[in-house]
Every structure is written in structure tokens, then in C-alpha cells.
Amino acid sequence: MTFPLLKLPRVAYNEVLFNYSVPDLVEFSLLSSRCHRIIRSIRFPFTGLGVTLSAPENYCLQFLNGEKVVTRWIFKPGKRMMYLGYQVREINGIKIGIEKTSELISSLNPPFKMKIACDYVLNLFRLPITHYSLHFDDQKELFPKQFGVTKCDTFSLKTTKTFPIEEMDYVLEKVKVSKSLVLDVEINYSFECYFLKFSMDDLKICKAFWITRDTFLLMDCARIELEYNHSLPLDKFVSQWLSSRYTRFEWLKMSWNGEEYDWNEEFETMEWNPKVRGRYFRIRDNKLDCEEGIDFLRDDGLLATVVRHHGWIHFVVWHKRFEAEAD
């Protein structure tokens, strides 16, 4: 015997649907245009959609409530799926096979079906893409430009083959990232990008040869990590910080070319005093030994240190001069 859900008052069936699982909500929305409108009219406790594309098998859409993953729509490589509960549904004129468990499971073949599904749930639940992570080289149909990503909290690209320049241009010019941007891509050495302003909490660029002096000095980030660029003017970055009242910045880690700076020539410096600050500074999960560092005191009382360590040079700001977990 079926339950006449839609014959209930609107408040009643909304309450019932609010307690449905995501797979049930998606399935319900595909029953009719009315069911689709009903689901779209309800505000569910999702804050965004995460797109994870990582070969060989981790292709999924994550339904998020803050940082919590509520459930996923997984896309598995393979030509055919015949699991228990497997049904073919039509989304925007495209037939997509779906297995419904506590999660949704579909085939990645062909890849554009994942984009179709993504567009559908973004529209259905009125969500933004808040996290995008691409860690593979193939499936160009799923690159950021094709996905239409323009704004998200965290964005990560990692490839081993040469990443298309037009895609890199799109990421840098069109995608606005607020929290974390990681770029670990193979990019042609002819690539140039003359002027950008990065403004996010975390910035990590592993092949940063294309970062210009002006772009470097305009970075408005709390934590910065740059590799493979030995021409960036750290002394100008330090000077700029000392003459500012900028309090967001925490640390900079960059490849060191072996050049020795004469910090005493331009700046008033200090040696480490264990009564003034701790010896170790925490960078992510690591402790940086700053015993041999050179200290700078800004007019507002903020203390900073430049120190070299294993082929890197760091510029760190002591917002807390002593941290028990670091020392």
C-alpha cells in the first residue's frame, strides 16, 4: 500500500521530506515536475557541494553542511553497472543509471554525466560549489572551466601532465577562492601571468616560476607557500610588512636560492631572545626552529622572524610569542 504523501497539507509533507535522505530526495525529485518543484522550494540544511575528482576511483559530489559531508554521489569508472537497486533515470534529457544506497552511485562513463548530475543537484538544492579538487590528468570534460566553477571556499589542482594554459587562465582570472588555493600543476614554461591579486587564507603554488614581483608583493594571504621561483624579493616583502599595519599575515615559506641578504643594512634587527619569543614556530603540522633566525619588531609591537631551513626561507609573524604546543 502506497502512502499518499502529496495529499497531505503542504506543511505536513514538507516536514516529511525534510527528514528524507539525500538519495531519497533526489529520487523523489525525478518522479515529476511537481516533485522537483516541491524539493526545490524547501530549504535543506546543506551549505554547498564539493566536487572531488581524483583518479583512479575517487570521483564524487559531496553534499556538505559546513565542513561535514552529509552524503555523496559517487561516480565509478566502468561501462556498465547492474547493482541491486540500480535504475535508469533521465536528467535533462540524459539517461543516467543510479544505484541508491545510503549514497548515490553512478557510472563515470561517459564523464560528462557527472557534470549533468552536478548541475541538477546544484539547481535542485540551490547550492554553490564550495569545494573543488582535481587530482588527475585526463577527463578534460571535468576541468574547472567545463564545470563552470567561479567561486568556492577551497580549490585544489594537482596534475602530472601539462595542464592546458587556457584552463590555467580561467582558474586565475575567473575563480574566486576565499579560504584555500593549491596549485600543483605541470604548466608550460612559456606561461605568463603579469598581474594578479591573491586574497585567501592559504595559498600554495608548487610551480611558481610565473609569479611576478608585483603579484608577489600584492599577495593578501595569511599563509603563503611558493616553490621554484628564486627571483622574488623577500626583502621588499619584509619591508612592506614592517611599514604596514597588516595583521592578517602569518607566514611565508618559499624556495631559497642561496642568496645571502644583509638584513642589517636596511633594517633594525635582533637576535633571538628566549625571553621575548619561543624557539619554534608551528607551520601546519611541523615545527620550524627559529633559534638562528633574524628578528624584526614592528612599530605596533608585532614581532617577525626570517629564518632559513633545508632549502627554504621563511618569514613568520609571532601573533603568539610563546606557544606550548610548538616549544
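Scan the stretch 273-297 residue by residue and report those that are touching a Ser or Thr at 6+ places or on another chain (Cβ under 8 Å) and assigned to a loop (DSSP other than H, G, I, E, B).
So in the stretch 273-297, the residues touching a Ser or Thr at 6+ places or on another chain (Cβ under 8 Å) come out as 277, 281, 290, 293-296.
Passing the criteria: Arg277, Cys290, Gly293.
Residue under question is Glu271, and the condition is that it be more than 27 Å from Lys179 (Cβ to Cβ), in contact with a His (Cβ under 9 Å, 6 or more places away or on another chain) and acidic (Asp, Glu); does it hold? Give the steps one after another, and end with the answer.
On the way: more than 27 Å from Lys179 (Cβ to Cβ): yes; in contact with a His (Cβ under 9 Å, 6 or more places away or on another chain): no; acidic (Asp, Glu): yes.
Against the criterion (more than 27 Å from Lys179 (Cβ to Cβ), in contact with a His (Cβ under 9 Å, 6 or more places away or on another chain) and acidic (Asp, Glu)), Glu271 does not qualify.
Right, Phe195: within 25 Å of Asp220 (Cα to Cα) and not hydroxyl-bearing (Ser, Thr, Tyr) or not?
Working: within 25 Å of Asp220 (Cα to Cα): yes; not hydroxyl-bearing (Ser, Thr, Tyr): yes.
Yes, satisfied.
Is it true that Lys145 is closer than 19 Å to Gly97 by Cα and part of a helix (DSSP H, G or I)? Outline the logic, then answer.
Working: closer than 19 Å to Gly97 by Cα: no; part of a helix (DSSP H, G or I): yes.
No; evaluated as a whole, the condition is false for this residue.
For the stretch 286-300, check the following and say yes or no: at least one residue is touching a residue at least 60 places away in the same chain (Cβ under 8 Å), under 29 Å from the mean Cα position of the chain (by Cα) and either over 26 Å from Lys204 (Cβ atoms) or buried (at least 16 other Cβ atoms within 10 Å of the Cβ) (or both).
Here is the first cut: in the stretch 286-300, the residues touching a residue at least 60 places away in the same chain (Cβ under 8 Å) are none.
No - not one qualifying residue is present in the stretch 286-300.
Yes/no per residue for (1) over 27 Å from Ile42 (Cα atoms); (2) surrounded by 15 or more Cβ atoms within 10 Å (Cβ to Cβ); (3) touching a residue at least 24 places away in the same chain (Cβ under 8 Å):
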| position | (1), (2), (3) |
| --- | --- |
| Tyr120 | no, yes, yes |
| Tyr132 | no, yes, yes |
| Cys152 | no, yes, yes |
| Phe155 | yes, yes, yes |
| Lys158 | yes, yes, yes |
| Glu166 | yes, no, no |
| Val171 | yes, yes, yes |
| Lys176 | yes, no, yes |
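Can you list the helices (runs of 4 or more DSSP H) found entirely within the stretch 1-112 that contain at least 2 residues being modelled with pLDDT of 90 or more?
Details: elements: 10-18, 22-29, 33-41.
Once the helices (runs of 4 or more DSSP H) in the stretch 1-112 are filtered for at least 2 residues that are modelled with pLDDT of 90 or more, what remains is 22-29, 33-41.
On the given criteria, is Tyr261 modelled with pLDDT under 95 and either closer than 20 Å to Met200 by Cα or out of contact with any helix residue (DSSP H, G or I) (no Cβ under 8 Å at 6 or more places or on another chain) (or both)?
Working: modelled with pLDDT under 95: yes; either closer than 20 Å to Met200 by Cα or out of contact with any helix residue (DSSP H, G or I) (no Cβ under 8 Å at 6 or more places or on another chain) (or both): no.
The answer is no for Tyr261.
Just the residues that are part of a loop (DSSP other than H, G, I, E, B) and either buried (at least 16 other Cβ atoms within 10 Å of the Cβ) or touching a Phe, Trp or Tyr at 6+ places or on another chain (Cβ under 6 Å) (or both), please, taken from the stretch 207-221.
Lys207, Ala208, Phe209, Trp210, Ile211, Thr212, Met219, Cys221
Looking at Lys253 and the list (1) among the charged types (D, E, K, R); (2) over 29 Å from the mean Cα position of the chain (by Cα); (3) crowded, with 17+ Cβ neighbours inside 10 Å, which single condition is not satisfied?
Looking at each condition in turn, Lys253 falls short on (2).
State which residue pairs qualify: first residue over 13 Å from Tyr120 (Cβ atoms) and inside the stretch 17-31, second residue modelled with pLDDT under 95 and among the basic types (Lys, Arg) in any location, beta carbons under 7 Å apart, and separation of 6 or more residues or different chains.
Pro23/Lys100
The values are calculated or read from the model by the stated rules, or taken from the named source; none is laboratory data. Here the structure is a predicted model, which is why all the values come from computation and not from measurement. FYI the Cβ positions are ideal-geometry reconstructions off the backbone, even for glycines, and counts take in every protein chain you see.
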